[in-house]
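A.B. asks: Pasting a structure below so you can have a look.
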Amino acid sequence: MSRIVELSLGDQIYVAEFHVVDGLMTVYTDAGGTKSTSVNGMNELKLARLLLGHLVREGKANPTS
């Protein structure tokens, strides 16, 4: 089941989908970016925001408006 994560950086808001399967989280952006990592007991929403932040810095996520 996919969930949504939002990240606010300055005046920009970024949104992505993420899901966790067998302890592996994958975040997907509308710009085609993906990033995966093991959850290892971390808070899933915080981890998804962290991964989305990495995708933003890599230029693989677009702001919503």
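The values are calculated or read from the model by the stated rules, or taken from the named source; none is laboratory data. Since the structure is predicted, the reported quantities are computational estimates derived from the model, not experimental observations. Quick reminder, even Gly has a Cβ in these numbers, built from the backbone with ideal geometry, and neighbours come from all protein chains shown.
A.B. asks: Could you check how many residues of the stretch 32-65 are surrounded by 14 or more Cβ atoms within 10 Å (Cβ to Cβ), out of contact with any Phe, Trp or Tyr (no Cβ under 7 Å at 6 or more places or on another chain) and not basic (Lys, Arg)?
C.D. replies: Within the stretch 32-65, residues that are surrounded by 14 or more Cβ atoms within 10 Å (Cβ to Cβ), out of contact with any Phe, Trp or Tyr (no Cβ under 7 Å at 6 or more places or on another chain) and not basic (Lys, Arg) number 11.
A.B. asks: Right, something else. Is it the case, given these coordinates, that residue 1 is among the aliphatic types (A, V, I, L, M), over 8 Å from the mean Cα position of the chain (by Cα) and surrounded by 13 or more Cβ atoms within 10 Å (Cβ to Cβ)?
C.D. replies: no
A.B. asks: Name the single residue that is farthest from the chain's Cα centre (by Cα) among those in the stretch 39-65 being outside any helix (DSSP H, G or I) and not polar (S, T, N, Q).
C.D. replies: Here the residue is 41.
A.B. asks: Please find, within the stretch 7-23, the residue that is surrounded by the fewest Cβ atoms within 10 Å (Cβ to Cβ) out of those that are in contact (Cβ under 8 Å) with a residue 24 or more places away in the chain and over 11 Å from residue 56 (Cα atoms).
C.D. replies: Only one residue fits best here, namely 20.
A.B. asks: Please go through the stretch 12-26 and pick out each residue that is closer than 16 Å to residue 53 by Cβ and out of contact with any helix residue (DSSP H, G or I) (no Cβ under 8 Å at 6 or more places or on another chain).
C.D. replies: Answer for the stretch 12-26, where residues must be closer than 16 Å to residue 53 by Cβ and out of contact with any helix residue (DSSP H, G or I) (no Cβ under 8 Å at 6 or more places or on another chain): 12, 13, 15, 17, 26.
A.B. asks: Taking the stretch 4-29 on its own, how many of its residues are among the hydroxyl-bearing types (Ser, Thr, Tyr), over 9 Å from the mean Cα position of the chain (by Cα) and either more than 17 Å from residue 64 (Cα to Cα) or at pLDDT below 95 (or both)?
C.D. replies: 0
A.B. asks: Go through (1) under 14 Å from residue 8 (Cβ atoms); (2) over 8 Å from the mean Cα position of the chain (by Cα) and name the single condition residue 32 misses.
C.D. replies: Condition (1) is where residue 32 drops out.
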